[in-house]
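**Q** Have a look at the structure that comes next, please.
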Amino acid sequence: MALVFVFLYAPILVLIVFSFNDSSSRSVWAGFTLDWYKSLFHNEMILSALGLSLVLALVSSVVATVLGTLATIGINSMSRKSQLIINNISYVPVVNPEIITGISLMLMFVFFGRLIGMRTSLNFGTMLIAHITFNIPYVILSIMPKLRQMDKNLVDAAQDLGCTWMQAFWKVVVPEIKPGIVNGLLIAFTMSVDDFVISYFTAGSTTANLAMRIYAMTKKRI
């Protein structure tokens, strides 16, 4: 296991070390410098893309967590057959290749954009909807095990003691599934910041997150 972690993280550590190299070489150390970081923090294009990525990730992960939590509670209250059907549908974005999801969402946005007469239907809003869409299944996957572990009689007991259903939800259900909610939020945020393929097909020509900006930079010498 230690060898696996070394294999995964050694290249990242080497990249971090050489980001302080006084030379542009990635193999010869020429001395310590912070010039590359000064250049980075004066690059408005990169900082703008980073800001957009963080806003996109924050909003999409919060919305996906709220919708995913409500969806998980709804799915958990269904019959076993209905749960199986809905779970299989919700897992499609997880097992589907990202390029298929990205192209499908792009075609859908373009189609509905044409229906309402929009010339350019791809923008930040469509990218946000796409991120929320592919994040919700990860939230469901995180919360469902915690919800199944919870004693279903706790909600009935809370209502017997005078709680309304909403009070029982906030005081009993949410604390019980809180680890799953936090886990789902963190996974959704990470997936959104890291995403390139789906963003590439749904952002349009006027919007670019950090992953797209870095990809565009690799087309020429950095």
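**Q** Pick from MET127, MET78, MET212: which is most flexible by mean-square fluctuation in a GNM of the chain where alpha carbon atoms under 10 Å apart are linked?
**A** Among MET127, MET78, MET212, the largest GNM mean-square fluctuation belongs to MET78.
**Q** While we're on this one: Using the 2.2 N^0.38 Å rule of thumb for compact globular proteins, work out how the stretch 89-164 stacks up: its C-alpha Rg over that value, please.
**A** 1.69
**Q** Compute the convex hull volume of the Cα atoms of the stretch 1-96, divide it by the residue count, and report the result per residue in Å³ as a whole number.
**A** Values: hull volume 17.2 nm³, N = 96.
Looking at the stretch 1-96, the number lands at 179 Å³ per residue.
**Q** Computed from these coordinates, which is Rg/Rh (Cα atoms, Kirkwood Rh): (i) 1.08; (ii) 1.10; (iii) 0.96?
**A** Here the calculated entry is (i).
**Q** Over the chain, average the accessible area per residue using a 1.4 Å probe and give it in Å², no decimals.
**A** Solvent-accessible surface per residue comes out at 64 Å².
**Q** Where the centre of each part is set by its Cα atoms, how far does the stretch 5-33 sit from the stretch 81-108, in angstrom?
**A** If you average the Cα positions of each part, the centres end up 39 Å apart.
**Q** Further, regarding this structure: So what is the relative contact order for the stretch 13-60, in percent, with contacts set as C-alpha pairs under 8 Å and at least six apart?
**A** Over the stretch 13-60, the number comes to 22 percent.
**Q** Over the heavy atoms of ARG148, what accessible area does a 1.4 Å probe trace out, to the nearest 10 Å²?
**A** 140 Å²
**Q** By the scheme Lys and Arg +1, Asp and Glu -1, what is the net charge of all other residues having a beta-carbon under 15 Å from that of ASP22?
**A** +1
**Q** For the stretch 164-222, just say rounded, prolate or oblate: build the C-alpha gyration tensor, square-root its eigenvalues into a ≥ b ≥ c, call rounded for a/c under 1.5, and beyond that prolate if a/b exceeds b/c, oblate if not.
**A** prolate
**Q** Sort 28-38, 180-190, 92-102 by packing, meaning the average of other beta carbons within 10 Å per residue, with the highest value first.
**A** Numbers: 28-38: 10.7, 180-190: 19.5, 92-102: 14.4.
Highest-to-lowest ranking by the protection proxy: 180-190, 92-102, 28-38.
**Q** Please give the length that would be gained between PHE112 and GLN83 if that part of the chain were fully extended, namely 0.36 nm times their separation in residues minus their C-alpha to C-alpha distance (nm, one decimal).
**A** Additional length available on full extension: 7.4 nm.
**Q** Further question: State the number of lysine pairs found in the chain whose Cα atoms come within less than 24 Å, restricting to pairs 8 or more positions apart or on distinct chains.
**A** 8
The values are calculated or read from the model by the stated rules, or taken from the named source; none is laboratory data. Everything quoted here is computed from the prediction, not taken from an experiment. No Cβ is skipped: glycine too gets one built from the backbone with ideal geometry, and neighbour counts run over all protein chains shown. Note: accessible area is taken over every heavy atom of the protein model, side chains too, but ligands, DNA and RNA are not part of it. Shrake-Rupley method; radii C 1.70, N 1.55, O 1.52, S 1.80 Å.
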